[in-house]
Structures are given as C-alpha cells and as structure tokens.
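Here is the structure we will look at.
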C-alpha cells in the first residue's frame, strides 16, 4: 500500500512539474527562414539550378521592412535544351529544325537549343555551328 501511495505521489508531482513548465508566459516564437540561397550543380552535359524553401511564395510574395523589399516566388520556367540544334525536340538534328532556328536568329525568343556556339545567346555566329551540327550527326546523344 505504501509503495502504491509513493508511486501515485511521484506521478502527480511529475504532472505538476510538466504543467508548470508549460504554463509560463512571455514566450516569443518568432522565426525566420533562409530561402534565397541555392545554386547550380553540373555534371557532364547536365546542369541543375535550384533553391530550397520558399514559404512566402504562396500568399504574399512581397516582403518589406524599412527601406528593403524582397519578392519571393518560384523560378520561372525556361526552355531546357537536351540537344543543341534540335529545336523541335524530336531527338534529331535535321531539316525540320531549320525554320525554328532561322526564326530564333531573326527574332529571338526562348531559343536555348538555337544557341549552338553557347556564347552570348542566339546570334548570327550560331549559323555555321548549326549547319555543321546538321551535317555531322542527325541523332542527339
């Protein structure tokens, strides 16, 4: 009987301590996140860029404080080129890509696969490289 009474007293004491520890006041639960980082990883012919954690992107993407303003959000979707000179994405470099290539050289746009020399975007300097690609290999690696 004495052992049961001691166990009950110990249990009630532990509950009282836990209740007292959680009933205090004046706690501050402010927090912040780091979500502007990220970077680019490359390997072979592939490149991946990313940023982790953007909780502010959903409801109010503009954060202000003092003279500073931060606009959060998601990275814009851009064209991914898996094979230079393959502008229609069929896995081949052939005559079906020529019309899109000419349009990219003349008017620009989202033409990542037309930048065949991989320098300064799509320019007239890409033309000889494009023609060489068409003549040398029709299948993308």
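Laboratory data are not the source of any read-out in this text; all were calculated from the coordinates shown. Note that the structure is predicted; figures quoted are calculated from it, not measured. Because the Cβ atoms are built from the backbone with ideal geometry, glycine has one as well, and the counts that use them run over all protein chains shown.
Model label points for residue 47 and residue 90, set 7 angstrom from Cα along the Cα-to-Cβ axis, are 2.8 nm apart. Per-residue extension of 0.36 nm, minus the Cα-Cα distance of residue 125 and residue 107, leaves a gain of 5.0 nm for this segment.
Ordering of 134-141, 115-122 by packing is 115-122, 134-141, highest average first (other Cβ atoms within 10 Å, averaged per residue). One decimal place: the segment residue 40-residue 80 gains 13.0 nm when fully extended, by the rule 0.36 nm per residue minus the C-alpha distance.
Per residue, the average separation of C-alpha pairs within less than 8 Å and at least 6 apart gives segment 76-141 a relative contact order of 37 percent. Extending 7 Å from Cα along the Cβ direction at residue 118 and again at residue 132 yields two label points whose distance is 1.3 nm.
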